[in-house]
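Asker: Here's a structure for you.
The values are calculated or read from the model by the stated rules, or taken from the named source; none is laboratory data. Note that the structure is a prediction, hence the values are computed from the model and not measured. Don't worry about glycine lacking a Cβ; one is built from the backbone with ideal geometry, like all the others, and counts go over all protein chains shown.
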Amino acid sequence: MENITVRKVKESDNEALAKLIRDTFEEHNAPKEGTVYSDPTTFALYELFRVSGSVLWVGEIDGVISGCCGVYPTEGLPAGCAELVKFYLKPSSRGKGLGKMLMNESIKSAKEFGYHDLYLESLPEFSKAVKMYENMGFKLLDKPLGNSGHHSCTLWMIRSLDDL
């Protein structure tokens, strides 16, 4: 049985998380420009998530960083809305419940921060993740919200947290 743990990001996680994120884009042949792949903050996630109202959860399987997911108060979002961000899993960790654990921890954190809605941006290349978002209650939007700077993302979703 594998030992799965979920914890908050540490400064020593920066390099492993950047690699995990970039590897996922390469695995799915997803756009690199205008996405988190080319975002300079991808290499400094610990520092990024020191902003008030944000958190990044890191999942480990047997002590190895295997996934992440977080909440961030992206500029330009409506009041009471945060963005679900950085949801990535290593291929070897998929289908083991880690993604759901990370997602649930992020949603719980968003509620604790006082947010009423969670917004996210994604790409068609990440169709399995999009299916999971739908299963978790996210609904498609016609256009983006906020100013993430990720202009290549073409799927936008939102979920109310008021029913939780």
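Asker: Considering only region 114-148, how many residues are loosely packed, with under 14 Cβ neighbours inside 10 Å and out of contact with any Leu (no Cβ under 9 Å at 6 or more places or on another chain)?
Answerer: Selection size over region 114-148: 8.
Asker: What number of residues within region 109-138 satisfy the criterion of being under 26 Å from Ser52 (Cα atoms) and either aromatic (Phe, Trp, Tyr) or part of a strand (DSSP E or B) (or both)?
Answerer: The total comes to 10.
Asker: Continuing with the same structure: crowded, with 16+ Cβ neighbours inside 10 Å, over 24 Å from His28 (Cβ atoms), at pLDDT 95 or above and among the hydrophobic types (A, V, I, L, M, F, W, C) - does that describe any residue in region 82-96?
Answerer: Here is the first cut: in region 82-96, the ones crowded, with 16+ Cβ neighbours inside 10 Å are 82-90, 93, 96.
Narrowing further to those that are over 24 Å from His28 (Cβ atoms): 82.
If we keep only those that are at pLDDT 95 or above as well, we get 82.
Among the residues that remain, those that are also among the hydrophobic types (A, V, I, L, M, F, W, C) are: 82.
So far as region 82-96 goes, yes, one or more of its residues are crowded, with 16+ Cβ neighbours inside 10 Å, over 24 Å from His28 (Cβ atoms), at pLDDT 95 or above and among the hydrophobic types (A, V, I, L, M, F, W, C).
Asker: Suppose we filter region 64-90 for residues that are among the aromatic types (Phe, Trp, Tyr) and either more than 13 Å from Ser148 (Cα to Cα) or without any contact (Cβ under 8 Å) to a residue 24 or more places away in the chain (or both); how many remain?
Answerer: So the answer is 2.
Residue-by-condition table, conditions (1) farther than 22 Å from Val6 by Cβ; (2) not small (Gly, Ala, Ser):
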site	(1), (2)
Ile107	no, yes
Phe113	no, yes
Leu120	no, yes
Ser127	yes, no
Glu134	yes, yes
Gly137	no, no
Pro144	yes, yes
Met157	yes, yes
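Residues are listed down the side, and each one gets a yes or a no for (1) within 12 Å of the chain's Cα centre (by Cα); (2) assigned to a loop (DSSP other than H, G, I, E, B):
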| residue | (1), (2) |
| --- | --- |
| Ala16 | no, no |
| Phe25 | no, no |
| Gly34 | no, yes |
| Glu47 | no, no |
| Glu60 | no, no |
| Leu77 | no, yes |
| Ala82 | yes, no |
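Asker: Next up: How about region 48-63: which of its residues are over 19 Å from Asn147 (Cβ atoms) and touching a residue at least 12 places away in the same chain (Cβ under 8 Å)?
Answerer: If the condition is that a residue be over 19 Å from Asn147 (Cβ atoms) and touching a residue at least 12 places away in the same chain (Cβ under 8 Å), then Val55, Leu56, Trp57, Val58, Gly59, Glu60, Ile61, Asp62, Gly63 are the ones that fit.
Asker: How about region 139-163: which of its residues are touching a residue at least 40 places away in the same chain (Cβ under 8 Å), assigned to a loop (DSSP other than H, G, I, E, B) and not charged (D, E, K, R)?
Answerer: Leu145, Gly146, Asn147, Ser148, Gly149, His150, His151, Ser152, Cys153, Leu161
Asker: Can we say Ser52 is of a type in the set (Gly, Ala, Ser), exposed (fewer than 13 other Cβ atoms within 10 Å of the Cβ) and assigned to a helix (DSSP H, G or I)?
Answerer: No.
Asker: Given the options Thr35, Thr24, name the one that is buried (at least 20 other Cβ atoms within 10 Å of the Cβ), at pLDDT below 95 and among the β-branched types (Val, Ile, Thr).
Answerer: Thr35
Asker: Please go through region 1-14 and pick out each residue that is in a strand (DSSP E or B) and within 15 Å of the chain's Cα centre (by Cα).
Answerer: Hits for region 1-14 are Val6, Arg7, Lys8.
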